[in-house]
Amino acid sequence: RHPRGWWAYTAEEVCHWCAESKWAVLLQKRFWAAPVHAGADGVIQGVPELRIDDLLVVDASGLLEAVADFHRSHSKHPVMVAEMRQQGSGWVEASRGFVLPPNSARWRLEEDGPELDDRDLTSVSAVQERLQNLVAERGVEGLFEEEAQQLGEAGRELVLTTPERTAPPAWRPPAPAEVPPSVTDVSGWLSFVKGKDKAETQKIAAYSLHWAEDQVMAVVRLVEALRGSLDMQRAIAHCLLDMLAHVEHMHRRTVPPRADWEVRMEAVERRRTGKPSGLAAAVDAGERHDGGVAVVQGMIREVVIGEATFDSKVLVKLWRRVGGLPEDLRAAVPAALMVDWALGMMRSNGHGGAELLGLSGVPVPEHLHAEVLALCVQRRDTVGILALGEPWRTEYVQALQRYPEDKGARAVLKQLGAVVPPLPDAAPRPEVGGTPARLPAAVRVELVEDQEGLDLALKWIQASAVVGLDAEWAPSSGSGVSLVQVAGSGCVALVDIQQLGAGCLPPLLAALAFPLVLTYGGATDHKRITAVAREAGAEEHGGAFPWCDLAEDVGRGGLQRAVGERLGLRVDKAEQKSDWKRRPLRDAQVSYAALDAYILLQLATRCADGVGDVDEAAIVRKYARLSAEHVAKAVASSGVEHSIGTAAGVVAKTLGVQCPGGLAVAVLPQNARLDLTKLVQVLEGDCRLVPLSKLPLLFGYLPGCLGPFGLRDVKTAIVVDSSLREHAAVSVGAGDPALSVVLSGEALCGLGV
């Protein structure tokens with residue numbers, strides 16, 4: 001049923017069939033479905049970031065070479081090629097097909113069956129010619145008719161009949177628990193939803209708007225009735241506007257297929273032609289609601305002359321929905337108020353502010369230029385930047401190029417067609433033939449297979465300062481574990497769970513609570529070990545991941561890559577997938593298991609700038625968890641008047657921050673939001689919040705325990721919100737979730753930079 005599709009055994013056969021054509025080798029999935037066409041400018045339709053020159057378009061000799069290169073590295077896979085012909089100054093696809101790999105069907109036929117003559121294997125050119133002649137004589141319907149005759153009456157009905165396309169059933173929103181009043185009863189509807197949570201308000205709004213005759217005007221009237229109450233506007237107006245868009249979207253999904261296709265094509269055409277989006281998109285789509293525009297204009301005038309109070313973000317969203325023109329908004333709102341609205345939207349962690357400035361044509365004051373750009377970079381507000389135009393776009397690209405490791409920044413740069421900087425540590429992987437990692441001769445390996453050996457191992461683990469931990473299991477063992485390796489500075493204990501049974505795991509986990517435990521990507525090991533321990537009667541324990549994961553500190557890649565880059569050694573992982581259930585263990589398995597745990601100590605020593613093969617003191621300084629005792633000593637040595645106990649006065653939170661100079665902490669009221677713009681100005685560089693999962697690694701404290709005292713690195717900058725100065729008692733983290741350091745706001749602000 002695809003007259004233009006074909007397949008060939010060899011590329012020579014394809015070249016013989018159509019020697020004058022050009023060929024494109026289609027290796028990327030994006031080109032596998034739709035035909036490849038390119039206009040006079042060379043841009044491929046549907047893929048605007050690529051040109052026809054970016055594809056491998058070759059003549060017959062080039063096709064032979066390209067297919068041979070592909071089959072050298074993919075000996076069992078066919079390669080898709082497209083026949084390209086020039087049409088005017090552009091390119092169109094004439095046909096496409098597969099070139100099979102060498103030693104495929106033709107040779108299997110010759111091996112498994114009787115010897116065949118080449119004439120028994122219908123050539124591509126013969127099939128193509130027969131199909132083209134049939135279509136030319138009888139049309140595509142004739143081709144289907146012949147196939148139906150060959151299939152019989154059942155095939156005729158299957159091929160020639162097409163099921164009638166009907167619209168899906170009309171969408172109906174779920175009814176709320178209690179039927180609300182009609183939206184035409186403005187006061188009754190608002191009284192009905194007052195005090196309800198967001199989810200229930202959204203359900204009521206969707207149900208009410210679905211049955212409204214004029215949905216847009218209903219929303220406008222409801223928002224108009226909320227004048228003067230900012231809390232009600234933020235709680236209800238945003239739900240109304242969001243549900244209005246949702247209801248309209250669900251209604252569009254239930255229109256007849258043809259109309260739905262036309263709507264989608266119009267939207268695609270608008271994007272392709274570069275028509276503006278955002279505030280002007282509704283106007284371009286012909287969705288202006290004149291009655292709603294007039295009412296919203298009146299609401300804006302009330303705000304301008306000070307007669308009423310409306311939330312700026314609600315007004316802008318409402319203006320966008322009714323299809324008001326940006327010029328009308330610029331005429332109704334003074335430039336200074338427009339800038340205040342836009343900055344308020346941007347500072348409240350929302351989008352749309354820069355877009356509002358750009359589409360309304362209001363110039364950004366010079367003293368706010370840096371702040372607007374910084375907010376756009378932090379929010380990745382590409383739409384707003386494009387609305388502002390140049391030179392904003394150039395400055396935006398330059399700012400994003402300073403963060404080569406940020407995946408979001410790299411994606412935006414690629415979308416804008418800008419240069420994506422290379423990763424700073426894009427070092428090649430270590431050579432396979434590098435120096436193999438080996439266990440030092442002085443390190444003793446003990447295989448723990450009985451209760452006496454387990455008791456000795458548990459005492460040794462409890463007395464150790466730092467241990468490396470790893471686990472092994474058979475590839476088909478489900479959630480079980482066969483071997484647990486614990487490595488210290490001079491010994492590695494291989495605890496044989498297969499021999500000892502799962503009952504040895506609860507005391508082993510209890511012993512591992514004493515030393516600093518190092519893993520690499522140890523979440524899976526921890527999950528398996530604790531799952532088996534629970535089955536053996538171990539107590540449940542929640543909270544943060546209890547061990548130190550070196551993968552969080554080293555960065556990308558697995559242990560093999562980390563060891564190669566940091567230690568210059570090669571770890572042989574050949575035994576990783578071996579059968580760890582079989583006993584006795586082979587010598588190669590024992591050596592691999594011991595090295596896999598011990599090398600964590602060597603890696604941590606190098607990351608901590610330690611001395612020698614294993615430097616426990618350096619590892620503890622860098623990775624050890626800190627406690628309330630550490631905080632108490634630090635507060636006492638600071639000379640600040642304080643008390644440690646339950647929280648009192650104003651409770652402050654302490655957030656971890658990464659900045660160009662290293663680490664910093666920001667202390668601010670518990671319910672306040674951190675203003676990254678001001679923090680950037682104070683610390684003089686880009687700042688990012690530390691994820692909760694990395695707090696123990698970078699600061700030594702679990703989430704909820706961090707404070708400005710007892711920081712691991714004495715160079716850590718401390719930034720304190722000045723609003724805390726006026727309070728007589730402020731509580732900050734004390735290294736334990738049940739304790740707080742209570743001191744005066746004046747003394748706390750004295751710690752800040």
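The values are calculated or read from the model by the stated rules, or taken from the named source; none is laboratory data. These numbers come from a predicted model, not from an experiment. Cβ sites come from the backbone with ideal geometry, for glycine too, and all protein chains shown count toward neighbours. Quick note on the areas: whole protein, heavy atoms, side chains included, nothing else; ligands and nucleic acids left out. Shrake-Rupley method; radii C 1.70, N 1.55, O 1.52, S 1.80 Å.
What value does the stretch 8-102 have for Rg/Rh, both radii from Cα atoms and Rh as Kirkwood defines it?
Radius of gyration relative to Kirkwood radius: 0.96.
For the ranges 386-398, 361-373, 462-474, what's the packing order if you count other beta-carbon atoms within 10 Å of each residue, average per peptide, and put the highest first?
462-474, 386-398, 361-373
Provide the gained length on full extension for the span residue 366 to residue 98, in nm with one decimal, where the gain is 0.36 nm per separating residue minus the Cα-Cα distance.
90.5 nm
I'd like the FRET efficiency for residue 76 and residue 210, computed as 1/(1 + (r/R0)^6) with the beta carbon distance as r and R0 of 56 Å, rounded to 0.05.
FRET efficiency, residue 76 to residue 210: 0.55.
Given the pairs 527/577; 29/76; 694/715; 577/694; 407/527; 22/76, which span a C-alpha to C-alpha distance of over 23 angstrom in this model?
Check vs 23 Å cut-off fails for 577/694; 407/527; 22/76.
So how do 520-529, 694-703 stack up, highest first, on mean other-Cβ count within 10 Å?
Packing proxy ranking, top to bottom: 694-703, 520-529.
With the full set of protein chains in place, find how many percent of the accessible area of the stretch 584-713 is carbon and sulfur; take the probe as 1.4 Å.
Whole-percent figure for carbon plus sulfur exposure: 52.
Express in Å², to the nearest 10, the accessible area of residue 338 obtained by rolling a 1.4 Å probe over the protein heavy atoms while all chains stay in place.
Residue 338 exposes around 0 Å² with every protein chain in place.
Relative contact order (percent) for the stretch 465-519, with alpha-carbon contacts under 8 angstrom and 6 or more residues of separation?
40 percent
Calculated FRET efficiency, residue 45 and residue 673, Cβ-Cβ r, R0 56 Å, to nearest 0.05?
Rounded to the nearest 0.05, the efficiency is 0.75.
Using a 10 Å cut-off on Cβ atoms, rank the peptides 597-603, 441-447 from the highest mean neighbour count down.
By packing density, highest mean first, the sequence is 597-603, 441-447.
What length, rounded to one decimal in nm, is gained on full extension from residue 248 through to residue 16, with 0.36 nm per residue of separation minus their alpha-carbon distance?
77.9 nm
Could you state how much accessible area residue 234 has, in square angstrom rounded to the nearest 10, with a 1.4 Å probe and all protein chains kept in place?
Roll a 1.4 Å probe over it and residue 234 shows about 120 Å².
For 646, 605, write out the residues from largest to smallest accessible area, computed with a 1.4 angstrom probe and no ligands counted.
So the residues, ranked largest to smallest area, are 646, 605.
Sort 187, 643 by accessible area with a 1.4 Å probe, largest first.
Sorted by accessible area, descending: 187, 643.
If the cut-off is 23 Å between C-alpha atoms, which lysines fall inside it for residue 203, apart from same-chain ones fewer than 8 positions away?
Those lysines meeting the cut-off are 194, 313, 317.
Computed FRET efficiency, Cβ-Cβ of residue 462 and residue 411, R0 60 Å: what is it to the nearest 0.05?
Computed FRET efficiency for residue 462 and residue 411: 0.80.
Could you give me the ³J(HN,Hα) list for the stretch 198-204, computed from phi with Karplus coefficients 6.51, -1.76, 1.60 and θ = phi - 60°, whole Hz, x at Gly and Pro?
For the stretch 198-204, the Karplus-derived couplings read 5, 4, 5, 4, 5, 5, 5 Hz, x marking Gly and Pro.
Express in nm, to one decimal, how much length is gained between residue 576 and residue 441 on full extension, taking 0.36 nm for each residue of separation and deducting their alpha carbon distance.
Extending this stretch completely gives an extra 46.4 nm.
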